[in-house]
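*Asks:* Just dropping this structure here.
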Amino acid sequence: MFGGFDTFRKRITLLSGGLLLSLSFVLITSFYQLTSTRLSNASGESLVNLSQSISNMLSANLMEREREVLLLSTRYSLYESQDLSALQYAIDQIKSSYKDYAWIGFANVEGAVLASSNGVLKGADVSQRPWFIHGRSGPFVGDVHKALLLESLLPKPKDGVPIRFVDFAAPVIGQNGELKGVVATHADWAWVREVLLSSLTDVSKRKGIDIFIIDNEHSVLYPDNHFPNNIEVPKVLPKDGQFKSLLWQDDEKYLTSLVSVRSPESTNLGWQIVVRQPLSIAMSAVKEVHKLLLFFGVFATLLCMLLAYKFASTLSRPLERLALTAKSIQQGNRKATFQDDSQLSEVLSLSRSLQEMMSSLLEREQSLMQMNVTLETKVRTRTAELEASNRSLEAIARQDPLTHSYNRLALDEALLDEYRLAQESNHPLAVIMVDADHFKRVNDNYGHTVGDIVLQKMAKLLAVQVGVKGMVARFGGEEFTVLLPNTSALEAQSVADTLREELEKEEMIDGLYVTASFGVAMYEIGDCHYEQVLKRADAALYKAKEQGRNRVVVSD
């Protein structure tokens with residue numbers, strides 16, 4: 001029924017179906033946009049709330065750890081005794097009270113560890129560690145870093161993740177105001193994993209929610225670079241406390257939120273919580289509704305099109321008969337006529353008009369065929385003339401207008417062809433650069449008109465002497481280039497000597513003779529560009545000038 005839309009009834013059917021489908025599309029799209037926007041906002045706000053919750057827990061944990069080390073630093077009685085046994089006991093108690101403390105210790109002002117949990121690093125020099133350097137001047141919270149001194153002293157984690165610490169340090173000031181040292185704790189970064197796992201419920205996991213902690217430079221601090229495919233966060237992220245849809249490294253769109261972690265007052269860590277959820281999961285409910293609406297929209301459209309087709313059939317039959325007649329005429333039936341018994345006046349009027357038009361067209365057909373034959377003949381003639389003109393213009397484009405010898409364009413084309421041929425067949429290729437000696441004097445003493453005559457005669461003499469052995473082109477100014485394929489160095493030098501001698505004897509105008517300097521160079525196997533031959537010939541030409549002019553110099 002709908003194999004094509006070349007009939008009146010089918011077009012009416014298509015129009016009615018298209019209108020209903022367009023209306024359905026507008027309604028469905030509007031509803032989809034409204035629901036998707038609302039659901040996206042709700043999902044995004046949920047991610048922001050989750051990010052804020054995690055941020056608050058991390059901030060509280062950081063401040064609690066900072067507060068503990070500050071309290072430990074102000075217990076003056078622990079640092080007055082020489083044996084520091086009371087301090088050692090306090091350190092061991094604090095470490096046992098919080099399982100994620102990997103190490104607690106006290107170093108004197110020189111950086112020597114005097115007391116530490118389980119005696120680890122006791123006596124070690126920590127004067128160059130950042131926590132000691134910064135902890136001398138005030139409370140310090142260090143950014144995440146790998147274990148250095150402690151890595152070999154602590155048990156390896158079962159999951160194989162490298163040990164990483166967050167340092168908390170504070171200066172120990174005696175009652176007299178004198179700095180006694182620095183007390184510090186190394187909190188195992190594993191406590192962050194526990195905080196995040198406690199925030200991520202089973203429902204959140206089923207929704208594909210992932211959590212990241214990043215620093216100021218967008219480097220991923222969590223999850224510990226062991227996340228699948230080592231994912232990197234996008235360069236452009238939402239503003240603090242906001243969310244947006246972003247394309248991530250795996251070319252999938254995620255609803256992404258960002259919340260900054262409030263750092264302790266002593267140190268600005270610049271941590272940020274990034275939470276993401278695949279947009280396909282966040283919008284899955286809307287897509288189900290969208291599919292249902294599309295199904296009902298398509299069903300209603302098909303039903304409407306069927307009813308419209310039935311109605312249009314009663315109106316389209318006369319037009320279809322006229323169309324069949326026209327097709328018959330198109331296929332060569334000149335006897336067919338546009339006759340129709342329809343009761344519609346519009347169809348009868350159309351039939352008469354078509355019949356008259358067909359008669360007129362048949363009369364003109366023969367005339368047009370004859371005109372077409374004449375036009376094709378003219379086109380072939382003009383095309384041949386245009387091709388001849390193009391060949392003439394191409395020859396002019398490669399000719400020097402003053403000397404009528406080849407110009408630089410023609411030289412470059414010919415030299416490139418010969419250069420490639422020499423590379424393939426290893427045949428010799430020689431280039432001679434020719435420059436008129438003291439040509440400026442000719443122009444100054446005799447005028448530029450005489451100078452032009454000199455150049456014309458030079459070009460003619462070079463062309464006559466070289467003949468079919470090579471090509472003569474004006475390189476520029478008073479310089480000419482002679483290209484000699486399949487010519488050895490000795491032969492090229494002989495040609496150059498002959499050209500020099502003949503030019504020296506040629507009288508340009510009454511009493512005016514000129515000489516020229518010649519530079520000869522050969523193609524070499526190591527040449528990577530055809531212009532290298534020209535450069536060597538030009539260098540040889542300059543040597544000829546330097547040696548007194550009117551001579552031939554062959555490139556080494």
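*Asks:* Being among the polar types (S, T, N, Q) and modelled with pLDDT under 85, is that true of even one residue in the range 178-193?
*Replies:* Within the range 178-193, none of the residues are among the polar types (S, T, N, Q) and modelled with pLDDT under 85.
*Asks:* Residue pairs, Cβ under 8 Å, 6 or more apart or interchain, first in the range 244-272 and surrounded by fewer than 16 Cβ atoms within 10 Å (Cβ to Cβ), second of a type in the set (S, T, N, Q) and part of a loop (DSSP other than H, G, I, E, B). List them.
*Replies:* From residues that are surrounded by fewer than 16 Cβ atoms within 10 Å (Cβ to Cβ), the pairs are 270/216; 270/263.
*Asks:* Also, quick follow-up: What pairs come out if I take residues in the range 33-45 that are modelled with pLDDT of 75 or more and pair them with residues that are assigned to a helix (DSSP H, G or I) whose C-beta lies under 6 Å away, six or more apart or interchain?
*Replies:* Close Cβ pairs (under 6 Å, with a partner that is assigned to a helix (DSSP H, G or I)) amount to 43/282.
*Asks:* In the range 51-108, which residues are of a type in the set (Phe, Trp, Tyr), touching a residue at least 60 places away in the same chain (Cβ under 8 Å) and part of a helix (DSSP H, G or I)?
*Replies:* 79
*Asks:* Can you tell me which residues in the range 517-537 are of a type in the set (Val, Ile, Thr) and surrounded by fewer than 23 Cβ atoms within 10 Å (Cβ to Cβ)?
*Replies:* Once the filter is applied, which keeps residues that are of a type in the set (Val, Ile, Thr) and surrounded by fewer than 23 Cβ atoms within 10 Å (Cβ to Cβ), the range 517-537 yields only 525.
Yes or no, residue by residue, for (1) under 14 Å from residue 187 (Cα atoms); (2) modelled with pLDDT under 80; (3) surrounded by 15 or more Cβ atoms within 10 Å (Cβ to Cβ); (4) basic (Lys, Arg):
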| residue | (1), (2), (3), (4) |
| --- | --- |
| 91 | yes, no, yes, no |
| 104 | yes, no, yes, no |
| 108 | no, no, yes, no |
| 135 | no, no, yes, no |
| 138 | no, no, no, no |
| 141 | yes, no, yes, no |
| 149 | no, yes, yes, no |
| 153 | no, yes, no, no |
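*Asks:* Here is a further query. If only one of 516, 540 is touching a residue at least 12 places away in the same chain (Cβ under 8 Å) and farther than 22 Å from residue 464 by Cα, which one is it?
*Replies:* 540
*Asks:* List every residue pair whose Cβ atoms sit under 9 Å apart, with the two residues 6 or more apart in sequence or on different chains, where the first one lies in the range 182-199 and is in a helix (DSSP H, G or I) and the second, anywhere, is modelled with pLDDT of 75 or more and of a type in the set (Ser, Thr, Tyr).
*Replies:* Going by the 9 Å Cβ cut-off, the qualifying pairs are 191/98; 192/222; 193/222; 196/222; 199/53.
*Asks:* If you don't mind, there's one more thing I want to ask. Could you tell me whether residue 448 is within 46 Å of the chain's Cα centre (by Cα) and modelled with pLDDT of 80 or more?
*Replies:* Here the answer is no, as residue 448 does not meet what is asked.
The values are calculated or read from the model by the stated rules, or taken from the named source; none is laboratory data. Values in this document were obtained by computation on a predicted structure and should not be read as measured data. Cβ: placed from backbone, ideal geometry, glycine included. Neighbour counts: every protein chain shown.
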